[in-house]
Structures are given as C-alpha cells and as structure tokens.
Amino acid sequence: MVLATAFAPSRVVHVVPDVSQLSPAECTVDAVAGTVEQLRQAAVRGITVSRGVVVFTYEDGACLRDEERDYLWERFGVPVFEQYLSRTNELLASECDAHDGLHLTAGAGARAGFTIDEGRCPCGDPRPRYIQLSEPDEAAEAERWYPVPAAL
C-alpha cells in the first residue's frame, strides 16, 4: 500500500490517498509506504503490516530521524526503511537491512547535507552510500515531529 498520491496504482500496488476511507478488510497489508506523517495516520487508523514499512523522504527535506523510526517500528512491529526521493518521486537512494546510510541508485548525484561513502556497507552491497553529515535544524524538526493524536 502506498499512501502518496503521486504514484501509479498497479496489480500489486494499491495507492491510498486517505487511510480514513479504508474498510476494515483493507487495513491488513504486506507493506506500507509514505511520508512519516502519512505513516503516523496509518498507525492511528490501525493498519496492520506483516513485512515492512518504507518512509519516503525528499531531497531538500529532512531525513528519517531515529525517534521517528523507533515510533513506526514499535507501532507496526516490522522493520522500517527509508527511501530518499527527488521532488518528482524518482528514487535517489534506499536503505538496506544494515541501516548504515542510503545506497545510491544509478545516476544519483551528490546532494546537499550528505557525503558519499565509497566503503563497503555491512550488508555487502557495493554501491556507494549517502551518509548524512549535517544536523537537522532543531526548530524545523520540532515542528515536524509531534505526538500522534489519539484518533483521526
């Protein structure tokens, strides 16, 4: 299930722009993907996930914070992975099981606030990784990270 409207539905991808409109039968999925806020809403709605959660972060935006990852992993009970996208939803980098940076896709260039690590990732993937260097702006992050409401 993808919670972002900019993605095309397919036989295996169900695009859901508003989780509040789901029937109870639609609330159990293998995987769910969206922004942190969309995933928070899915957690409150009671979506059950059996395999994994993918958090979309965007260039020129904040990356996934440890507190956000911990919250989503605890709420859904499955691993949480970050995918770093361009503003047009092109995949630029994705996180592996080692959670040690984001592996660059072919053609992804350098981005502000990141350095490229050419070293071998603990997962064994030889692709270079983005490693975030800059600390996020605390005021912007405080505004972005807030408690989940009791109900939608």
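The values are calculated or read from the model by the stated rules, or taken from the named source; none is laboratory data. Note that the structure is a prediction, hence the values are computed from the model and not measured. Glycine also receives a Cβ, built like all others from the backbone with ideal geometry; neighbour counts cover every protein chain displayed.
Could you check, for segment 58-72, whether at least one of its residues is over 26 Å from Asp125 (Cα atoms), out of contact with any Ser or Thr (no Cβ under 7 Å at 6 or more places or on another chain) and hydrophobic (A, V, I, L, M, F, W, C)?
No: segment 58-72 contains no residue that is over 26 Å from Asp125 (Cα atoms), out of contact with any Ser or Thr (no Cβ under 7 Å at 6 or more places or on another chain) and hydrophobic (A, V, I, L, M, F, W, C).
In the list Glu95, Glu82, Glu67, Glu118, which residue meets the criterion of being without any contact (Cβ under 8 Å) to a residue 12 or more places away in the chain and among the acidic types (Asp, Glu)?
Checking each option against the conditions leaves just Glu118.
Would you point out the residue of segment 6-21, among those that are over 11 Å from Ala33 (Cα atoms) and β-branched (Val, Ile, Thr), that is surrounded by the fewest Cβ atoms within 10 Å (Cβ to Cβ)?
Looking at residues that are over 11 Å from Ala33 (Cα atoms) and β-branched (Val, Ile, Thr), I get Val12.
Out of (1) in contact with an Asp or Glu (Cβ under 7 Å, 6 or more places away or on another chain); (2) modelled with pLDDT under 90; (3) polar (S, T, N, Q), the odd one out for Ser50 is which?
Status for Ser50: all satisfied but (2).
Hey, among the residues in segment 55-64 that are without any contact (Cβ under 8 Å) to a residue 40 or more places away in the chain and buried (at least 18 other Cβ atoms within 10 Å of the Cβ), which one's nearest to Glu26 (Cα to Cα)?
Within segment 55-64, the match that is nearest to Glu26 (Cα to Cα) is Val55.
Out of all the residues in segment 98-108, which are of a type in the set (A, V, I, L, M, F, W, C) and free of Cβ contacts under 8 Å to residues at least 24 places away in the same chain?
Ala106, Ala108
Within segment 121-132, does at least one residue satisfy the condition of being over 18 Å from Val54 (Cβ atoms), assigned to a loop (DSSP other than H, G, I, E, B) and at pLDDT below 85?
No, every residue in segment 121-132 fails to be over 18 Å from Val54 (Cβ atoms), assigned to a loop (DSSP other than H, G, I, E, B) and at pLDDT below 85.
Looking at Leu72, Leu102, Leu91, can you tell me which residue is in contact with a helix residue (DSSP H, G or I) (Cβ under 9 Å, 6 or more places away or on another chain) and either closer than 13 Å to Val32 by Cα or hydrophobic (A, V, I, L, M, F, W, C) (or both)?
Leu72
Show the residue pairs that are 6+ apart or on different chains and have beta-carbon atoms under 8 Å apart, the first residue being within segment 8-37 and over 18 Å from Leu91 (Cβ atoms), the second being in a helix (DSSP H, G or I) and modelled with pLDDT of 90 or more.
Going by the 8 Å Cβ cut-off, the qualifying pairs are Val19/Gln38; Val19/Gln41; Val19/Ala42; Val19/Arg45; Ser20/Gln41; Ser20/Arg45; Leu22/Arg45; Cys27/Arg45.
From the residues in segment 80-119 that are among the polar types (S, T, N, Q) and modelled with pLDDT of 85 or more, which one is farthest from Tyr58 (Cα to Cα)?
The selected residue is Thr105.
Okay, residues lined up against (1) at pLDDT below 90; (2) within 19 Å of Tyr84 (Cα to Cα); (3) within 15 Å of the chain's Cα centre (by Cα):
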position: Met1; (1), (2), (3): no, yes, yes
position: Phe7; (1), (2), (3): yes, yes, yes
position: Asp18; (1), (2), (3): yes, no, no
position: Gln21; (1), (2), (3): yes, no, no
position: Cys27; (1), (2), (3): no, no, no
position: Ala33; (1), (2), (3): no, yes, yes
position: Gln38; (1), (2), (3): no, yes, yes
